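The structure appears right after this line, and notes come after that.
Just so it is clear, none of the values below were taken in a lab; they were calculated from the coordinates. Everything quoted here is computed from the prediction, not taken from an experiment. Note that we place each Cβ from the backbone using ideal geometry, even for glycine, and neighbour counts take in every protein chain shown.
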Amino acid sequence: MILTLTLDFAVDIILYAEELEALRKYVVANQLLKSGTSIGANVREAQNAESKADFIHKFKIAAKEVEETEYWLLLCNRAPSYPSPSHLQEKLKSIKRIISKIIISSKYKGNQEE
């Protein structure tokens, strides 16, 4: 589920970045493209983690990318000359909740095994 959500989100980010580039908003488009697509890349990388700690670490990196993406989308939302990113902000909220739950439950499971 999280793999599909983050892949779909990355495609949506690419499309939004293309919109921004058409409006000559290159810097923000590039930043969003990097952070927004990186979320899914880290989630996917976590699937082949070498250990539980590595798995959690990859998801923490994904969580940081969520925060950065959230910032850029907030900036776009506040800038009057930018198209509304509200559809992306809603999707990102769901992704953020799921990633957070995965990190918490992975830590909890790790503590139970000790």
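Structural remarks
- Here the contact order of the chain, divided by its residue count and restricted to Cα pairs under 8 Å and six or more residues apart, works out to 28 percent.
- Going by neighbour counts of Cβ atoms within 10 Å, the residues E50, E18 line up, fewest first, as E50, E18.
- Applying the criteria of a DSSP loop state and at most 13 other Cβ atoms within 10 Å to the trypsin sites (Lys or Arg not before Pro) of the stretch 1-98 yields R24.
- Using the Cβ-Cβ distance between L23 and Y71 with R0 = 25 Å, the FRET efficiency computed as 1/(1 + (r/R0)^6) comes to roughly 0.80.
- In angstrom, the C-alpha Rg and Dmax of the stretch 2-113 are 15.0, 53.
- Degrees between helix 26-46 axis and first principal axis of the chain (Cα, 0 to 90, nearest 10): 20
- Using C-alpha pairs below 8 Å separated by at least 6 residues, the relative contact order for the stretch 38-104 is 30 percent.
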